[in-house]
Amino acid sequence: MQNGMQLFSSTMRLLLRWLRLCFRRGHKRLPRCVREPWSYSRLLLKSLYFNSLTNSDVVMDALFEPVFWLVDHLTRWFGVVFVCLVVILTSSILIIAYFCLLPMVLDTYSTAWIIWHLCYGHWNLVMIVFHYYKATRTSPGHPPQIKCDIPAVSVCKKCIIPKPARTHHCSICNSCILKMDHHCPWLNNCVGHFNHRYFFSFCLFMTLGCIYCSISGRNLFLDAYRAIESYYQTPAPPFTFRDKMFHKSIIYMWVLTSTVALALGGLTLWHAMLISRGETSIERHINSKETRRMQKKGKVFRNPFNYGRLNNWKVFFGVEKRSHWLTRVLLPSSHPPYGDGITWDFTLHRKDLMAV
């Protein structure tokens, strides 16, 4: 078998040499006006698919480039749909809360419970609306397009501009994003240096609001579910159209808020873990690979942007003194984050952060 393969390889090599010689002889007979364009065309063709860095990854990226282009453009278009969906679903829960639940609360609950529900519910609503609006409308930040002396770790292959530390290219936005975490279709915007806090706060307060609705409406959900089951009894109970709409609205609200609380709660916990480590979603994968690579060499990888759990949260929320935990975290605030996303000079003032 091995001898047969060697014979086949030798035969193919001889055939290729013979074809090359025949082509060269025929090539010499061609007129110069034909040979020069032919040679130039071959050179152009080779330059399109060959260079010293060509490997299987480059070839696969080139083959899948149309698919990536289609996905990026669809995601950009669907971002508008997702934003509208968030607004519609949130508005539907508010309509149910104000027109179905609030009258019942005012009639049955004590004064203290009414005040608590009104204060907490409206505070949570204000925080959700404020942070969602800021997350969608605030630019995540982009590196300078003009030539300037900024520290850069690499050059973007698509933008052809220097990339500062923690900067990555977003193919959906078609630009480089400072301290990029990910592109969020529910915001129709990238999550980066200047709107990362708004994104996380929106996820946190939306999760708290959904948990609040799910816990508060549990008994109402059970009653409404039993009432709907009784629709099919004989004889059917004398429920009016308004009663049936009330029961279905309660079930819709409880199922939606409970589902969102589980899904968004898991996402919020994941980002909380990343913030505690001083990482973004992209840096999590990069640092994991770097940690394994350093372990093989017997070394330990250290994240240069990790200042300790508490200090990471202070940097993330922009907390400079104790009162900021109230004014900048528990109340709406448009204060900018630490640094400009290009340089990270504030890392030198770790003692100041620890004193807060």
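The values are calculated or read from the model by the stated rules, or taken from the named source; none is laboratory data. Owing to the predicted nature of the structure, the values given are computational and were not obtained by experimental measurement. Quick reminder, even Gly has a Cβ in these numbers, built from the backbone with ideal geometry, and neighbours come from all protein chains shown. Areas reflect the complete protein model, heavy atoms only, side chains present, ligands, DNA and RNA absent. Shrake-Rupley method; radii C 1.70, N 1.55, O 1.52, S 1.80 Å.
Within the accessible area of region 228-287, the carbon and sulfur atoms contribute 69%, probe 1.4 Å, all protein chains present. Taking the average, over residues, of other Cβ atoms within 10 Å as the packing measure, peptides 318-330, 253-265, 180-192, 293-305 rank 180-192, 253-265, 318-330, 293-305 from highest down. For a test of the definition: using alpha carbon positions, the gyration tensor, and the 1.5 limit on a/c, classify region 74-140 as rounded, prolate or oblate. Because a/c hits 1.5 or more and a/b fails to exceed b/c, region 74-140 counts as oblate. Taking a ≥ b ≥ c as the square roots of the eigenvalues of the Cα gyration tensor, region 198-356 is classed as prolate, since a/c reaches at least 1.5 and a/b is larger than b/c. Taking the Cα centre of region 225-312 as reference, the dipole from Cβ charges on Lys and Arg (+1) and Asp and Glu (-1) amounts to some 700 debye. The chymotrypsin sites (Phe, Trp or Tyr not before Pro) of region 105-177 meeting both criteria, a DSSP state outside H, G, I, E and B (loop) and at most 15 other C-beta atoms within 10 angstrom of the site's C-beta, are TYR109.
I need the trypsin sites (Lys or Arg not before Pro) found in region 69-140, filtered to DSSP loop residues with at most 13 other beta carbons within 10 Å of theirs.
Details: sites: ARG76, LYS134, ARG137; in loops: none.
Here no loop site has a sparse enough neighbourhood.
The residues of region 110-216 expose on average 48 square angstrom of accessible surface per residue, using a 1.4 Å probe on protein heavy atoms.
Placing unit charges on the Cβ atoms of the charged side chains and taking the dipole of region 233-299 about its Cα centre, the candidate lying farthest along the positive direction among TYR252, LEU267, GLY278 is GLY278.
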